[in-house]
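Undergrad: First the structure, then my questions, so here it is.
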Amino acid sequence: MTLPTPEAHVRDVTEVVERRSAGESEFLQAVREVLDTLAPVLAEHPEFIEGGILERLVEPERQYIFRVPWTDDQNRVQVNRGIRVQFNSALGPYKGGLRFHPSVNLSVIKFLGFEQIFKNALTSQRIGGGKGGSDFDPTGKSDAEVMRFCQSFMTELVHHIGEHTDIPAGDIGVGAREIGFMFGQYRRITQRYEAGVLTGKGVGWGGAEVRTEATGYGAVFFAEEMLARASQGIEGYRAVVSGSGNVATYAIEKVEQLGGKAITASDSSGYIVDEAGIDLDLLKQVKGVERARISEYAERRPGSHYVAGGSVWDVPAELAFPCATQNELTGAHARTLISNGVRAVTEGANMPTTPDAVEAFQGAGVLFAPGKAANAGGVATSALEMSQNAARSRWDRDKSESRLHGIMRDVHEATYDASERYGKPGDYVLGANSAAFVRVAQAMLEQGVI
Ligand code: NDP
Ligand code: 2IT
């Protein structure tokens, strides 16, 4: 059999995905971003071409789409769509979050599930990739409505998950409250206390210490490693951060702990600038406790101001952490950040930077960390939660944070080493994709054509 060249093979597989998943723009973007970097790896490993690894990798192993009916506080029947995509289980049971947001559709969940395969491989924690969610919008819903929705969602999802099968967690719109409601329903239906079936649980009943903080902290640890290679540090630098949810909040906290100054936060309505450094207690009160708008922060904090609409990327800083959502940092934003002297861009969110923006950063010599490496701390700590659940043990905060820190150092090292091996030292996009791909591809090859 004559094999196609790596470049032709990548082109062929990309064409198949484009045909089969026509219109799934986020999914196609995520696939192209990975496949476009893999030719040097395929050149070194022709057995991956021969084994049909790429063709299999881009097709989810299994996908569920289901109706989620629930009643609102006015007793009206509401219907949402639930999705769970079980993408790849070569390295372990499917693992990945659930997103509740009106923008959720199959393309969004498939892009997230596809990225999750590679991210999870980088953690070295023996977890496969999956993702799920719903177009349910938690904004403005009462706790009782959220509970009824979560119970209905789990009433279907229960058939597809399990501690050795598929282990969901949080993502946008899903935090400790939703995980609690879903765990309760799972326990009720199955009559089993299967702690390891969901991660991000309350720390009083099986949740891991530092899971809440892990994604944001991990992203800053990754930035620290990247900057250290360039003989720089977080200390003394200003950081612009987008978002004001789970990831953004704890990225801000870690930047401040390491001597930097985080000066922005945002939500889907606008952003705040606080040149004195974000007051974390106030941010947690406004966004976490009250679930209010970010504009509230500026109203209560003298010296800060709110900008409706617009983008945090207009604010000059040495560090940028996009921590809100996909495609929130465009080419035009990148050019502004570059002319304002940004040195490192670290993705806390999944795929927040558009392809032209990534190219602009790399072309300008700005350190750029893709989410599948930089935000891996969340899912890595989820895997540590699964280990603790299986062992019926509980680690303290110090141990939990130091394990997270160690994992992020390892993810950075594996990513950097692969960027060197495949010819572009410091290209963390190439590094993350190739290091992760080799791990998954090797496992798939050894497990036969399935
Ligand atoms: P949260 O729901 O806690 O916060 C999301 C934040 O992003 C909010 O400030 C929200 O604003 C804003 N946002 C969401 N959607 C949009 C949108 N379409 N346009 C503008 N702003 C938006 O989510 P997380 O912090 O958990 O997740 C943020 C990102 O990090 C996502 O990309 C997620 O996939 C990724 N991630 C999360 C992990 C985790 O462990 N939670 C792990 C790894 C990655 P508003 O309140 O106005 O909606
Ligand atoms: O994107 C992600 O890595 C997450 N939302 C966390 C997944 C998890 O299983 O902890």
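Matching residues to (1) over 19 Å from the mean Cα position of the chain (by Cα); (2) closer than 23 Å to residue 126 by Cβ; (3) free of Cβ contacts under 8 Å to residues at least 40 places away in the same chain; (4) surrounded by fewer than 23 Cβ atoms within 10 Å (Cβ to Cβ):
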site	(1), (2), (3), (4)
409	no, yes, no, yes
412	no, yes, no, no
415	no, yes, no, no
423	yes, no, no, yes
430	no, no, no, no
436	no, yes, no, no
445	yes, yes, no, yes
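Undergrad: Would you point out the residue of the range 109-120, among those that are farther than 20 Å from residue 411 by Cβ and among the hydrophobic types (A, V, I, L, M, F, W, C), that is surrounded by the fewest Cβ atoms within 10 Å (Cβ to Cβ)?
TA: Of everything passing the filter in the range 109-120, 111 is surrounded by the fewest Cβ atoms within 10 Å (Cβ to Cβ).
Undergrad: Can you tell which of 123, 165, 139 is within 13 Å of ligand 1 (Cβ to nearest atom) and surrounded by fewer than 17 Cβ atoms within 10 Å (Cβ to Cβ)?
TA: Sole residue among the options that is within 13 Å of ligand 1 (Cβ to nearest atom) and surrounded by fewer than 17 Cβ atoms within 10 Å (Cβ to Cβ): 139.
Yes/no matrix, rows are residues, columns are (1) farther than 23 Å from residue 318 by Cβ; (2) in contact with an Asp or Glu (Cβ under 8 Å, 6 or more places away or on another chain):
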position: 176; (1), (2): yes, no
position: 199; (1), (2): yes, yes
position: 240; (1), (2): no, no
position: 255; (1), (2): no, no
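Undergrad: In the range 217-245, what residues are in a loop (DSSP other than H, G, I, E, B) and surrounded by fewer than 19 Cβ atoms within 10 Å (Cβ to Cβ)?
TA: Once the filter is applied, which keeps residues that are in a loop (DSSP other than H, G, I, E, B) and surrounded by fewer than 19 Cβ atoms within 10 Å (Cβ to Cβ), the range 217-245 yields 230, 231, 232, 233, 235, 236.
Undergrad: Exactly one of (1) assigned to a loop (DSSP other than H, G, I, E, B); (2) over 24 Å from the mean Cα position of the chain (by Cα); (3) in contact (Cβ under 8 Å) with a residue 12 or more places away in the chain is unmet by residue 23. Its number?
TA: Going through (1) assigned to a loop (DSSP other than H, G, I, E, B); (2) over 24 Å from the mean Cα position of the chain (by Cα); (3) in contact (Cβ under 8 Å) with a residue 12 or more places away in the chain one by one, residue 23 breaks only (2).
Undergrad: Let me ask something else. For the range 322-351: of the residues being of a type outside the set (A, V, I, L, M) and buried (at least 24 other Cβ atoms within 10 Å of the Cβ), which is farthest from residue 256 (Cα to Cα)?
TA: Once the filter is applied, the top-ranked residue is 350.
Undergrad: Give me the residue from the range 267-292 that is of a type in the set (D, E, K, R) and in a loop (DSSP other than H, G, I, E, B) and, out of that set, nearest to the chain's Cα centre (by Cα).
TA: So, considering only residues that are of a type in the set (D, E, K, R) and in a loop (DSSP other than H, G, I, E, B), the one nearest to the chain's Cα centre (by Cα) is 267.
Undergrad: Residue check: is residue 326 under 23 Å from residue 129 (Cα atoms) and of a type outside the set (Ser, Thr, Tyr)?
TA: Criteria met by residue 326.
Undergrad: From the list 189, 161, which residue is over 20 Å from residue 80 (Cα atoms) and of a type in the set (Val, Ile, Thr)?
TA: 189
Undergrad: Across the range 164-188, which residue is nearest to residue 247 (Cα to Cα) among those that are away from ligand 2 (no atom under 11 Å from the Cβ) and of a type in the set (A, V, I, L, M, F, W, C)?
TA: 176
Undergrad: Which of the helices (runs of 4 or more DSSP H) contained wholly in the range 345-394 include at least 1 residues that are touching a His at 6+ places or on another chain (Cβ under 8 Å) and either hydrophobic (A, V, I, L, M, F, W, C) or closer than 30 Å to residue 193 by Cα (or both)?
TA: Because the criterion is at least 1 residues that are touching a His at 6+ places or on another chain (Cβ under 8 Å) and either hydrophobic (A, V, I, L, M, F, W, C) or closer than 30 Å to residue 193 by Cα (or both), the helices (runs of 4 or more DSSP H) in the range 345-394 that meet it are 355-363, 371-374.
Undergrad: Only one of 182, 147 is surrounded by fewer than 22 Cβ atoms within 10 Å (Cβ to Cβ) and either outside any loop (DSSP other than H, G, I, E, B) or not small (Gly, Ala, Ser) (or both); which?
TA: Answer to the selection: 147.
Undergrad: Could you list, in sequence order, all residues of the range 190-213 that are over 18 Å from residue 399 (Cβ atoms) and aliphatic (A, V, I, L, M)?
TA: 195, 197, 198, listed by residue number.
Undergrad: Next question. State yes or no: is residue 199 closer than 22 Å to residue 376 by Cβ and polar (S, T, N, Q)?
TA: It is true that residue 199 is closer than 22 Å to residue 376 by Cβ and polar (S, T, N, Q).
Undergrad: Sticking with this one: I need every pair where a residue in the range 43-68 that is among the small types (Gly, Ala, Ser) has its Cβ under 9 Å from the Cβ of a residue that is part of a loop (DSSP other than H, G, I, E, B), sequence separation at least 6 or different chains.
TA: 43/5; 51/449; 52/449
Undergrad: If I ask for residues that are surrounded by 15 or more Cβ atoms within 10 Å (Cβ to Cβ), within 26 Å of the chain's Cα centre (by Cα) and part of a loop (DSSP other than H, G, I, E, B), which ones from the range 293-321 would you list?
TA: 293, 294, 311, 315, 317, 318
Undergrad: Which residue is surrounded by the most Cβ atoms within 10 Å (Cβ to Cβ), if the candidates are limited to the range 385-407 and must be among the aliphatic types (A, V, I, L, M) and away from ligand 1 (no atom under 13 Å from the Cβ)?
TA: The residue in question is 386.
Undergrad: If you don't mind, another one. Any residue at all in the range 154-163 that is closer than 20 Å to residue 350 by Cβ, modelled with pLDDT of 95 or more, out of contact with any Leu (no Cβ under 8 Å at 6 or more places or on another chain) and among the hydroxyl-bearing types (Ser, Thr, Tyr)?
TA: The answer is no; no qualifying residue exists.
Undergrad: Can you tell me which residue among 82, 162, 133, 140 is without any contact (Cβ under 8 Å) to a residue 12 or more places away in the chain and over 21 Å from residue 411 (Cα atoms)?
TA: Answer to the selection: 140.
Undergrad: Would you confirm, using the coordinates I've provided, whether residue 207 is farther than 24 Å from residue 294 by Cα and assigned to a loop (DSSP other than H, G, I, E, B)?
TA: It is true that residue 207 is farther than 24 Å from residue 294 by Cα and assigned to a loop (DSSP other than H, G, I, E, B).
The values are calculated or read from the model by the stated rules, or taken from the named source; none is laboratory data. Worth saying up front: this structure is predicted, and the values here are computed from it rather than measured. All Cβ positions, even for glycine, are placed from backbone atoms using ideal geometry, and neighbour counts span all protein chains on display.
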